[in-house]
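Asker: My questions will all concern the structure given below.
Quick note: the coordinates plus some simple rules give every number you see, no bench work behind them. All figures in this text were calculated on a predicted structure; none of them were measured in a lab.
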């Protein structure tokens, strides 16, 4: 990805951000969906990120209203409804161990997929 020399690299999740940081110190990296960027070693400080990396933590308090405006809550509800329907289609009933295991498995699979394939290239027109 770095070999393509994009103008910006957008990453989703800490593992994707760290992986891209290892590849470039010059291309700007913007991260999102990172639980604690300081503890993850992505930035030294939240108020003044250094180097070529900046972005948003998972639960940045000042962004809560913006998340709702941009539809994140609706999207999470949509995913939850899909997961619920899929688990029920397997015959699992809400509250039963099979249902709980199904939902946990789906959450884990989504998290793993985000970590593996979460880096995206965003190039501005030249």
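Asker: Expressed in nm to one decimal, what extension gain is obtained for the pair residue 76 and residue 25 from 0.36 nm per residue of sequence separation less their Cα-Cα distance?
Answerer: Using 0.36 nm per residue and subtracting the Cα-Cα distance, I get 15.0 nm.
Asker: Oh, and also: Starting from the Cα coordinates of region 1-48, work out the convex hull volume and express it per residue in Å³.
Answerer: Residue-normalised Cα hull volume stands at 76 Å³.
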